[in-house]
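Some notes on the structure that comes next.
The values are calculated or read from the model by the stated rules, or taken from the named source; none is laboratory data. If you're wondering where the values come from, they're calculated on a predicted model, not measured in any experiment. Here the Cβ positions follow ideal geometry from the backbone for every residue, glycine too, while neighbour counts run over all protein chains shown. Quick note on the areas: whole protein, heavy atoms, side chains included, nothing else; ligands and nucleic acids left out. Shrake-Rupley method; radii C 1.70, N 1.55, O 1.52, S 1.80 Å.
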Amino acid sequence: MTTLLRMLERNGIDTSRLARVMDFGCGVGRLTLALAKNFRQVEAVDVSASHLAVAREAIARSGAPT
């Protein structure tokens, strides 16, 4: 996650001003959970309904807001 934040900042993106981010192709939500710790709102999408179900369960277990 630190690498991603540094890359965004290097490219002129002030991450503290981002209202929401998207995890496109989120799979089972590992990156989604990491993003949720650093951003106010995360939209996660994937073509696999079964992966989204696993991601939803992981997010619910983590206590992250949905």
The number of residues in region 49-66 that are in contact with a helix residue (DSSP H, G or I) (Cβ under 9 Å, 6 or more places away or on another chain) and either basic (K, R) or surrounded by 13 or more Cβ atoms within 10 Å (Cβ to Cβ) (or both) is 5
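If we scan region 25-32, do we find a residue that is aliphatic (A, V, I, L, M) and over 14 Å from the mean Cα position of the chain (by Cα)? Step through it out loud before you land on a result.
Going through region 25-32, the residues aliphatic (A, V, I, L, M) turn out to be 28, 31.
From what's left, over 14 Å from the mean Cα position of the chain (by Cα): none.
Looking through region 25-32, none of the residues is aliphatic (A, V, I, L, M) and over 14 Å from the mean Cα position of the chain (by Cα).
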Please count how many residues of region 3-22 are under 14 Å from the mean Cα position of the chain (by Cα) and either aliphatic (A, V, I, L, M) or at pLDDT 95 or above (or both).
6
List the residue pairs whose Cβ atoms are under 8 Å apart, where the first residue sits in region 41-61 and is free of Cβ contacts under 8 Å to residues at least 60 places away in the same chain and over 26 Å from A19 (Cβ atoms), the second is surrounded by 12 or more Cβ atoms within 10 Å (Cβ to Cβ) and of a type outside the set (G, A, S), and the two are 6 or more positions apart or on different chains.
V54/V28
For region 18-32, how many residues meet the condition of being in contact with a strand residue (DSSP E or B) (Cβ under 7 Å, 6 or more places away or on another chain) and open to solvent by 30 Å² or more (accessible area, probe 1.4 Å)?
5
Going through E43, E9 one at a time, which residue ends up being in contact with a Lys or Arg (Cβ under 7 Å, 6 or more places away or on another chain) and open to solvent by 40 Å² or more (accessible area, probe 1.4 Å)?
E43
